[in-house]
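Worksheet: the structure to be examined is printed underneath.
Derivation of every value follows stated rules applied to the coordinates shown; laboratory data play no part. Here the structure is a predicted model, which is why all the values come from computation and not from measurement. So basically every Cβ, Gly included, is an ideal-geometry build from the backbone, and we count neighbours across all protein chains shown.
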Amino acid sequence: MALSKRVPVEQPFEIRRSPIQGRGGFATRQIRKGARVAEYVGERISHEEGDRRYDDGDMKRHHTFLFVVNSKILVDAGVGGNDARFINHSCDPNCEVVIEKKRIFIEAIQTIQPGEELFYDYSYDRDDAEGDDARYPCHCGAEDCRGTILAAPKKKRSKAKAKAKTKAKTKAKTKVKSKGTSKRKSKGKKTGTKTKRRARS
């Protein structure tokens, strides 16, 4: 079965020094909203192998090119990776990650002009260990920068709000059933996340 969108034959960005972090990807032509920019490729490995290769405790500065595909597969772009691995993080991104058929793609979520740097939100998985925010700092400079490349903490809902939301969902389901309609299924896409690695105990 074919992919929903094709990756452009000619890469629409180049790699050069970034004012935010190391090297980054910069548009060489206009990239329209919704366009597929690149595929994030590399060696496909298990989570256990990712833990073996990279241990944050042994690193002076966190630096990996690991990307979660699902609960079994990681992509390590440090081995056989392409230029997509240099696209930087921002808390106010102009791109997003789409996983389709167990492959990782970067897509534009707004029109990007030539010369603009490409970004997506890394949303590293958060385990709430002490000092994690400082270990994974963000320097994107966005107005709503959360100061870390970790995913935003999940907001705790009050019991009253959770109860009200459950009631509202129940009412909505009842309405849908009475109209005889059904929800459309998504196209099998979900957002992937880059991952930090620590050796498992």
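Just a few scattered comments:
- Taking the Cα centre of the stretch 1-155 as origin and assigning +1 to Lys and Arg Cβ atoms and -1 to Asp and Glu Cβ atoms, the resulting dipole is close to 640 debye.
- Members of K33/K102; K33/K101; K33/K72; K5/K155 lying beyond 29 Å, as alpha-carbon distances in this model show: K33/K72; K5/K155
- Amide H contacts for T111 (H built 1.01 Å from N in the peptide plane; partners 5 or more residues away or on another chain; cut-off under 5 Å): K33.
- Scalar couplings 3J(HN,Hα) for the stretch 16-28, obtained by applying the Karplus form with A = 6.51, B = -1.76, C = 1.60 to θ = phi - 60°, are 8, 4, 10, x, 8, 6, x, 9, x, x, 10, 4, 9 Hz; x denotes Gly and Pro.
- Surrounding net charge for I31, when Lys and Arg each add one and Asp and Glu each subtract one, Cβ distance under 11 Å: +2
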